[in-house]
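For reference, the structure discussed in these notes is given below.
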Amino acid sequence: MYPATVRILLVEDNDIVRLAQTHALQQFPDIVLSDHAVDGLSAVRKAAEARPEVILMDIGLPGIDGIEATTLIKDGQPECGILVITSESADQAIFHALAAGADAFCRKDIAAAMLVKVIQLVAKGAVWLDPSVATRILAHCLVDSRAADELAIFNFGEDEKFAISVAEYEALNSFRENRFSGDSSSVNNSNLNPYIGKDQHLLQEEMLVQSLILRKLFSRIAKRRQVKCDCSH
């Protein structure tokens, strides 16, 4: 079951976008907007004050950006779910947001009802990736038996690849194929027939298993990012 209510902090510097998101979320009684922030430093401070279950985080913020704010919040509140909701689609932004500790990555054109589902899943400890984001990540992946080794190939360059395990590939592919959208009409590939009409509780359990796999992958991303940063000094 989802949590009865989820308290969120909305971080968005664009007034029109923030008002639209606020209005959309207020239509759902299970979502409680505890506060909002318009820049990265305010987001860090208000996260510490309000202690929300989930933060909706924009990347392009004044002052420190959403990626740095995510890092700072996760350092102090690792249990807080951070859902990056942005129009930013650059591969570097995706990788750095996930390396910073983001739990989910959604596009700003996501439907309100789907956004609420993602918020509830993140509150339960799940990872969520927009299918287009999963596709972008997989474009940089090679399945490799050395993937569990922290020294496996890993680069942030636009055309370079990094190693992932078969299980990690399957977890990413689940999101690329949109298996967990809750909308069977979006699944038209005959290979995905087992997911059509599948009990939502079972799908959620499967998503949590996939989330554990992806968290280990994102942890490797974070470690490799730190190694690259340390070497640059």
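Of note:
- Filter result for Ile119 (in a helix (DSSP H, G or I) and under 16 Å from Val54 (Cα atoms)): yes
- Filtering the stretch 26-50 to residues that are surrounded by fewer than 20 Cβ atoms within 10 Å (Cβ to Cβ), in contact (Cβ under 8 Å) with a residue 40 or more places away in the chain and of a type outside the set (S, T, N, Q) leaves Phe28, Asp30, Ala50.
- In the set Ala69, Ala24, Ala48, Ala20, only one residue is in a helix (DSSP H, G or I), over 24 Å from Leu208 (Cβ atoms) and within 19 Å of the chain's Cα centre (by Cα); that residue is Ala69.
- So Ala104, is it in contact with a Leu (Cβ under 8 Å, 6 or more places away or on another chain), touching a residue at least 12 places away in the same chain (Cβ under 8 Å), small (Gly, Ala, Ser) and open to solvent by less than 40 Å² (accessible area, probe 1.4 Å): yes
The values are calculated or read from the model by the stated rules, or taken from the named source; none is laboratory data. The structure displayed is predicted, hence computed values, not measured ones. A quick note on method: Cβ atoms are made from the backbone with ideal geometry, for glycine too, and the neighbour counts reach across all protein chains shown. Accessible surface is based on the protein model in full, side chains and every heavy atom, while ligands, DNA and RNA are left aside. Shrake-Rupley method; radii C 1.70, N 1.55, O 1.52, S 1.80 Å.
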